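Quick notes on the structure that follows.
Values quoted throughout were computed directly from the atomic coordinates according to the rules given, and no laboratory measurement underlies them. Model, not experiment: these values are computed from the prediction. Using ideal geometry, Cβ is built from the backbone for each residue, glycine included, and neighbour counts are taken over all protein chains shown.
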Amino acid sequence: MSTEFDLGALLAERGAERYDLHARYLNPQLPRMLHTIGFDKVYERAEGAHFYDADGNDYLDMLAGFGVMGLGRHHPVVRKALHDVLDLDLADLTRFDCQPLPGLLAERLLVHSPHLDRVFFGNSGTEAVETALKFARYATGRPRVLYCDHAFHGLTTGSLSVNGERGFRDGFAPLLPDTAVPLGDLGALERELKKGDVAALVVEPIQGKGVHEAPPGYLRAAQELLHKHKALLIADEVQTGLGRTGDFYAYQHEDGVEPDLVCVAKALSGGYVPVSATLGKDWIFKKVYSSMDRVLVHSASFGSNAQAMAAGLAVLSVMEDEQIVARARTVGELLRSRLAALTEKYELLADVRGRGLMIGIEFGRPDSLKLRGRWTMLQTARKGLFAQMVVVPLLQRHRILTQVSGDHLEVIKLIPPLVIDEADVERFVEAFTAVMDDAHSGGGLMWDFGRTLIKQAVAGR
Ligand SMILES: Cc1ncc(COP(=O)(O)O)c(C=O)c1O
């Protein structure tokens, strides 16, 4: 065996250059942003819902790598499955045979959506959505896809065409001729459907941006309208799926919702290997793959690879054994209710919403004169600065990683690994309370930092 490549030695020798390397060769704005807000940490190791720095300090992860680490980091069962794949020397990706793992994963995944029949495996959330868009357009023979205001479905060009934020779309036109409708507005949906050219509506049952949920009854009624007009319902469960919201899929919160296509990715491989799955009805797949000539009409070189499939099988097995969905529901409800109780106490805290372990904390205009002046100053410079002012001390002073839920939003989104426990919930609530106390005291470090953010926002215009 060659001894020339030693990963451990490479990291030991050059790991300290990580921020410089990134600045020189990758997206230069990432290290710049991290330096600016003091997020330029060096995490050495991770386990479950925690990271550790070189001094052994423990950080609580309330972000789960944008939701991919559903089971936390390095779950031993998933890790063993991946070691096993390597050790078995499988004849993977020959491309002209049928391997057992994709079939087994599809079979196991489909148990959770009994009305669906087939699966296409890809490599990322956006690819799951691209697949659904293509399948819906081909199966219906219609060109247009509807999406919701503020939607996020990924950033490749097809998914970007159904993105509800101008900030992501600007400068990338022309995109697909798709049309936005407000989430929850059935009248707007029907008006578009009546034009007769709509293939599908793609919808996140709870939007990642801002953590807004489809109103009760909307998905079911939208499905009926879509089917009446011979169009399809696509549920994008890339973020909300696999237990995140306290049901296996978020659309299952409502009875009678049976999307024609369901997009899954992120947590399916336990965060180890890129993977996605687009689940759909038999007739849709049979139409797309209608003859032997069309066998590769939609495919991906790495799709169904053994690492991804084995990780997926291990994740579903752990989810069952450790009752991850029920756990997300209970721990999520504890966290949400503890935070919701604080809205009484803090005038800057406007709303706490969400389901399971997908929680949005929204800040809003305070009543008292003293705080209102400061709030208005921040809002005038740039919306979203107050939420940033909360995220920063949560990490700096309390070693808890969170994120602002989208540009120009005064909302923090919590999507921790689904394995956080009651002690983690207490730690978060205590830290958040301390940060809120500080903000409401009207002085101190936090508002100083706010002034720094205002200067940067003004300079960056
Ligand atoms: C709802 C939803 N769909 C699609 C995507 C895109 O997934 P990926 O980043 O794996 O392409 C995301 C990513 O955050 C998402 O939240």
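Which residue out of ALA214, ALA199 is buried (at least 20 other Cβ atoms within 10 Å of the Cβ) and away from the ligand (no atom under 15 Å from the Cβ)? Spell out how you get there, then give the answer.
On the way: ALA214 fails: away from the ligand (no atom under 15 Å from the Cβ).
When all the criteria are applied, what remains is ALA199.
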Review point. Within the range 395-452, which residues are on the phi > 0 side of the Ramachandran plot and not in a helix (DSSP H, G or I)?
Key: ARG399, GLY406, HIS408, GLY442
Practice item. Among the residues of the range 1-50, count how many are part of a loop (DSSP other than H, G, I, E, B) and farther than 21 Å from LEU401 by Cβ. Key: 7
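Tell me, which helices (runs of 4 or more DSSP H) lie completely within the range 51-139 with 2 or more residues that are more than 23 Å from the chain's Cα centre (by Cα)?
Numbers: elements: 64-67, 76-87, 100-110.
Hits in the range 51-139: 76-87, 100-110.
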Exercise for review: Pull up the range 27-50, narrow it to residues that are more than 17 Å from LEU453 (Cα to Cα) and among the hydrophobic types (A, V, I, L, M, F, W, C), then point me to the one that is nearest to the chain's Cα centre (by Cα).
Suggested key: ALA49
Practice item. Inspect the range 154-173 for any residue being without any contact (Cβ under 8 Å) to a residue 24 or more places away in the chain and of a type in the set (Phe, Trp, Tyr) and give the result as yes or no. Key: yes
Practice item. Quickly run through the range 227-252 and pick out the residues that are out of contact with any Gly (no Cβ under 6 Å at 6 or more places or on another chain) and away from the ligand (no atom under 14 Å from the Cβ). Key: HIS227, LYS228, HIS229, LYS230, ALA231, LEU232, LEU233, GLY243, ASP247, PHE248, GLN252
Review point. Out of SER304, SER317, which single residue is buried (at least 19 other Cβ atoms within 10 Å of the Cβ), of a type in the set (Gly, Ala, Ser) and under 30 Å from ASP92 (Cα atoms)?
Key: SER304
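Kindly provide the set of residues from the range 146-157 that are part of a strand (DSSP E or B) and within 14 Å of the ligand (Cβ to nearest atom), ordered by number.
Residues of the range 146-157 part of a strand (DSSP E or B): 146-148.
Within the range 146-157, TYR147, CYS148 qualify.
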Review point. Does ARG169 satisfy the condition of being of a type in the set (Lys, Arg) and either more than 16 Å from the ligand (Cβ to nearest atom) or loosely packed, with under 13 Cβ neighbours inside 10 Å (or both)?
Key: no
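Look through ASP260, ASP255 and report the one residue that is touching a residue at least 24 places away in the same chain (Cβ under 8 Å), crowded, with 24+ Cβ neighbours inside 10 Å and away from the ligand (no atom under 16 Å from the Cβ). Spell out how you get there, then give the answer.
On the way: ASP255 fails: crowded, with 24+ Cβ neighbours inside 10 Å.
When all the criteria are applied, what remains is ASP260.
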